[in-house]
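The values are calculated or read from the model by the stated rules, or taken from the named source; none is laboratory data. Just so it is clear, the structure is predicted and the values come from calculations on it, not from any experiment. Neighbour counts are summed over all protein chains in view; Cβ atoms, including those assigned to glycine, are modelled from backbone coordinates with ideal geometry. What goes into the accessible areas is simple: the full protein's heavy atoms, side chains included, and nothing from ligands, DNA or RNA. Shrake-Rupley method; radii C 1.70, N 1.55, O 1.52, S 1.80 Å.
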Amino acid sequence: MKTSLKNQYAQANQVLIGIVSAVFGYNLYQAIVHPEKSHLLLSILLLGITYYMCKEYGYKTAKETEEK
């Protein structure tokens, strides 16, 4: 039980990475096609926060860590 709770943020980080990737991709598209409508700076800030969260809390589940 203790090892399964070791990295409880792994699934949340995977969802966060997916959402941030979609938002960043959309804003990058907006920056290329319609530069006046893009919020690229906010997307880069969100990307930095996501990187920090994944680095701080990890992005692999306890099972994946034990297998390697």
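Ranking Ser43, Ser21, Ser38 from most to least accessible surface, computed with a 1.4 Å probe over the protein chains only, gives Ser21, Ser38, Ser43. Computing FRET efficiency as 1/(1 + (r/R0)^6) for Ala12 and Ile32, where r is the C-beta to C-beta distance and R0 is 30 Å, gives about 0.45. Computed from backbone phi with θ = phi - 60° and the Karplus coefficients 6.51, -1.76 and 1.60, the 3J(HN,Hα) list for the stretch 14-28 is 5, 5, 4, 4, x, 5, 5, 4, 5, 5, 5, x, 5, 5, 5 Hz; x is used for glycine and proline.
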